[in-house]
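Take a look at the following structure, please.
No lab work stands behind these numbers, since they all come straight from the coordinates. Everything quoted here is computed from the prediction, not taken from an experiment. Quick reminder, even Gly has a Cβ in these numbers, built from the backbone with ideal geometry, and neighbours come from all protein chains shown.
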Amino acid sequence: MSAGAILASLLRQALPACRLLDLGLPAAPLLAWWPEALCGLAEPALLPPAEAALLGRFRHGPRRLPVFGLDPAGDAAVLAAAAGRPEAPLLLALPGAIPSALAPAVEAGALLLRHGRAAGLPPPPGPGRGRIMLLAGPVARIERWDLLLPPAAVEPVFARLHDAAQGLAAQLGGGRAWQIGGRLVTPGLASLGMLGIGAERVPPLRLPGAALWHDLPGVPEAEGLPLGAARRLRLLLGGMPARGAWLRLRLQGLDPARPPALLLDGVRLEAQLRAEGAAHWLEAPARMRPGQASIAGLALPPGAPEAAVLLALEFAA
Amino acid sequence: MTAARDALTVWTPLPPERNGIADYAHGLLTGLARHYDCRAACADWLAEAPEGVAVLDPALAHRAAGPRALHQIGNNPGHGFVVRGMRRMPGVTTLHDPGLLHLYETMGEPDPVIGAGMQATLPGLAAVYGRHRREDGVQSRANHLLFDLAGEVLARSRAVVVHSRFARNRLRLAHGPAATAHVAVIPHVLPPSRMPARGAARARLGLDDDTFLVLTAGFATAAKRFDWLIAALDTAIARGAITRGATTRGARLRWIHAGAERAEEYGLGAAIAARPAVAAIARVTGYLGAAALDDHIAAADVLVNLRFPSSGESSGSLARAFAAGTCCIVSATAAYAELPRDAVLQLPLTGAPRLLGETLRALAEAPARAAEIGAGGRRHALAEMALPAVAARYRDVIEASLDRPVAGPAAPGPPPLLVLDAASSLRPPQVAAALAGRQGRCRLLLAAPDLPALARLTLDRPGLLASLLPVSAGLLATRVVLAPQPGLLLDLALGWAA
């Protein structure tokens, strides 16, 4: 799962204008590392009803966009938001087949990021596409993805991805911790690998409160996500690497005498409250579970003030 | 190394929620934790579970859950999340109260779901009462006695646990032997904590040896017949049996209600105030936590625990009184009539206030007799209601039910299409017969020879659809169609929630 974090970090730098729709739920491995990303399901019929009900709670951004794939009206709103800006091409991250509702977007030239080998699959509809093979993750568990994009974009995007990989490696243990290699095979075909050596390294996750997927009735504001009168909050993080780190929520407007509880995947964590300026960090050691989207939770005790605002979320050392 | 144990997800309210089922579940979890790795799915994420039992957000309880689930349901507005959990993760359901109409109404279930529940209980009466409810908003106490709304729980559960043979028989009479073949009786459980000693409890409450304490407990509802107790005390005082609050042997009589008043259900305070002689010896404590409630029950000479009418509900206060060895007076009805004669005093329903007054006076004169009956109740409870035995019986029911099929969600695909000739002679029974036994989405075409004929029909019979559709049918949409036949196409949701 750490491949998703690496890939998302590289692609965000190489394709900064793109709007990502990660259709990898119930895992969604790229979502957490791409703060403005939309998310959804490629095959909602396979999802158990309880998981569908859970994912159906979440909304994102000022337009309260839902998870794609659960409701036709919601899907239309997501597509309108995702494809609404010509200067921001749509990048679809797909675990498998292309959902029929997305065929028009694919025909219109959306970029595709397909898990596994795309070489043997029938070409997607629409304009011809070049391919960058991407290999990422620890050397013991390498994941293969294919980025399908306009042929003319292969060379410049490959170059930007390569630069991004070098920069990310420098942040995460240096060149000795990574094998980075790749080449431009033809003008429309390239490959790039960023493989971790030794301990698994993942970029720290730091998300502003306003960018989080949440189940509150309101909308985020510039400073964060106001809880209003809500006593509970769930946050959809997406698929996370199976590793231990500190889960932290930065909150404003708390009463330290009535500290909230922090939950991960529905279970309360042993959390502590730490003041920092006018805000507080609510933090606990946590271990993410692979294979499913992680969900953080916050519960305010009776008598806690109603003016709390979630400023940020971190999952880091 | 410890062997891996099976996981059990228990959907339940827990303390600090103020109801007996939350307390019951807390105690039961302590016993079940000896058999399973228990997780408690609770709407209150900050609820208190026994040590070693994690409290789970119900929305995520399906994740990493095994096939074993237990749902604790009572007729309480706070138990809606348990019903919704049962729909998604079926397992064994404990019905603390076979009548669930109040729960369904307060958890926001749509009218057709309630109509379907009424129909499953008494199909003949549901058509009339359901229409009164749906069209005129008529809702009476009779509805709660006639319609138990337990049909969905019976159909969606691998097994159902009730606490008395009365409750099982009542379900069987309403729903038939086939639908209730998986209903098991497991007695209520004794609280896992040790009850306080009587002397210490009385000392904490400031009661001296000469005080004869009559206790009632729990939420004050009309069915607990406080009217009978008040009349009994008032009459006894008026007749001089208890003079100025003192019996002939000199004992001072006191009545404490250890619980909260729900004025909207029964105005206990007002009823007491209307009888000054009773008011002089009575006190209502308001809601008590477990420790304070235990003190009151252990300190009491008599727990008066009446019910009429009773739908088979169980009583946590009674279990606590058994554990404490406190003498209990119950109504000779429903589940209480099953208790052994040497374990409780059973009060006949006829002439209850007079008999209750005489009984209280007699016990106040001879408190040793009350203690004797209390000891009998404790012996019965230790034999039948001890936590290890009850938890083992739950385990047996859970394991035996794992392979039992339950009613599931509707099959994927387009909903079935039914066609009825929408002639002027079409009447509700024909529509009800066509829809009988169906659950989930359904399309019904009321076919007409042509569109002008359809228009005439709707003009001739204003309110056509409201009159034709049974109370268990929710109308989602209507369309006038030409194919496959001209007519009115109804998109319906039938029966229980999907």
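Evaluated at 37 °C with a viscosity of 0.692 mPa s, what Stokes-Einstein diffusion coefficient in µm²/s does segment B:294-335 have when Rh comes from the Kirkwood expression over alpha-carbon pairs?
My calculation gives 309 µm²/s for D.
Okay, moving on. Could you work out the mean count of beta carbons from other protein chains within 10 Å of each residue's beta carbon in B:62-69?
Shielding by partners across B:62-69 averages 3.
With springs only between Cα atoms under 10 Å, which of A:R129, A:R232, A:R248 fluctuates most in a Gaussian network model of chain A?
Its mean-square fluctuation being the largest, the pick is A:R232.
What FRET efficiency do you get for B:A455 and B:T285 if R0 is 51 Å and r is their Cβ-Cβ distance, rounded to the nearest 0.05?
0.15
In segment A:160-186, which residues have a backbone nitrogen under 17 Å from the label point lying 7 Å from A:Q13's Cα in the Cα-to-Cβ direction?
A:160-183
Measuring from centroid to centroid over Cα atoms, what is the spacing of segment A:42-78 and segment B:265-329 in Å?
Cα centres, segment A:42-78 to segment B:265-329: 50 Å.
Under 5 Å between amide hydrogens, which residues at least 5 positions from A:G24 or on another chain qualify, with H placed 1.01 Å from N in the peptide plane?
A:G40
Output the antiparallel fraction of DSSP beta bridges having both residues in the protein assembly as shown, as a percent to the nearest 5.
55
Same structure again: Considering only A:A32, A:A275, A:A211, give the residue with the highest GNM mean-square fluctuation for chain A, with springs between Cα atoms whenever their separation is below 10 Å.
With Cα springs under 10 Å in chain A, the top fluctuation among A:A32, A:A275, A:A211 is at A:A275.
Another one. Hey, can you grab everything whose amide H is under 5 Å from the amide H of B:G218? Only 5+ residues off in sequence or another chain; H modelled, so Pro and N-termini drop out.
B:A258, B:G259, B:A260
Report the Cα centroid-to-centroid distance between segment B:74-135 and segment B:342-367 in angstrom, as an integer.
37
Can you give the longest run of chain B that contains no trypsin sites (Lys or Arg not before Pro) sitting in a DSSP loop with at most 13 other Cβ atoms inside 10 Å?
B:35-193
Still on this structure, I have one more. Rounded to the nearest 5, what % of DSSP beta bridges with both residues in chain A are antiparallel?
80
Wrap a convex hull around the Cα atoms of the protein assembly as shown, take a quarter of its surface area, and give that in square nanometres.
Mean projected area for the protein assembly as shown: 42.3 nm², to one decimal.
Which is farthest toward the positive dipole end of chain A among A:A164, A:G228, A:G56, measuring Cα position about the Cα centre, with Cβ charges +1 (Lys, Arg) and -1 (Asp, Glu)?
Value computed over the given set: A:A164.
What is the distance in Å between the Cα centres of segment B:451-483 and segment A:199-246?
49
Using r as the Cβ-Cβ distance of A:A316 and A:L121, and R0 as 30 Å, what FRET efficiency do you calculate, to the nearest 0.05?
0.25
Enumerate the helices in chain A for which the Kyte-Doolittle hydropathy averages -1.0 or more and the C-alpha atoms extend at least 20 Å along the helix's axis, using complete DSSP H runs.
Helix filter hits for chain A: A:151-171.
Still on this structure, please answer the following. Quick one: plug the Kirkwood hydrodynamic radius of chain B (C-alpha pairs) into Stokes-Einstein at 10 °C, 1.306 mPa s, and report D in µm²/s.
64
What distance in nm separates the simple spin-label points at B:H132 and A:R258, each placed 7 Å from Cα in the Cβ direction?
4.5
Sticking with this one: If each of A:A97 and A:A53 carries a label point 7 Å out from its Cα toward its Cβ, how far apart are those two points in nm?
2.8
Mind checking the dipole of chain B: about its Cα centre, +1 per Lys or Arg Cβ, -1 per Asp or Glu Cβ, Debye to the nearest 20?
Dipole of chain B, to the nearest 20 debye: 500 debye.
Given R₀ = 25 Å, what would the calculated FRET efficiency be for B:A263 paired with B:S140, taking r from the Cβ atoms and rounding to 0.05?
Efficiency at R0 = 25 Å is approximately 0.80.
Another question, if that's okay. Give me the inter-chain shielding for A:266-277: mean count of other chain Cβ atoms within 10 Å, whole number please.
Per-residue shielding by partner chains comes out at 2.
Let me ask something else. Given +1 on the Cβ of Lys and Arg, -1 on the Cβ of Asp and Glu, and no further charges, what dipole in debye does the protein assembly as shown carry about its Cα centre, rounded to the nearest 20?
It comes to approximately 760 debye.
Please provide three numbers in whole Å: the alpha-carbon extents of segment A:6-120 along the principal axes, with the largest listed first.
Principal-axis extents of the Cα atoms in segment A:6-120, largest first: 36, 36, 28 Å.
What is the distance, in nm, between label points placed 7 Å from the Cα along the Cα-to-Cβ direction at B:R18 and at B:R354?
The modelled label-to-label distance comes out at 3.8 nm.
Moving on. Stick to Cα atoms and the Kirkwood definition of Rh, then tell me Rg/Rh for segment B:417-494.
0.93
So which GluC sites (Glu not before Pro) in segment B:24-106 are both in a DSSP loop and have at most 13 other Cβ atoms within 10 Å of their Cβ?
Those satisfying the criteria are B:E51.
Let me confirm one metric for peptide A:42-54, namely the mean number of other chain beta-carbon atoms within 10 Å of its residues' beta-carbons.
Average neighbour count from other chains, rounded to a whole number: 3.
Could you list which residues have their amide H under 5 Å from that of B:L253, counting only those 5 or more apart in sequence or on another chain, with H placed in the peptide plane?
B:F212, B:A246, B:T247
Using the Karplus curve 6.51 cos²θ - 1.76 cosθ + 1.60 with θ = phi - 60°, work out ³J(HN,Hα) for each residue of segment B:272-282 in order, rounded to whole Hz, and write x for Gly and Pro.
5, 4, 6, 10, x, 5, 6, 4, 5, 10, 10
Which of A:G130, A:G239, A:G266 ends up with the largest GNM mean-square fluctuation for chain A, with Cα atoms connected below 10 Å?
A:G266
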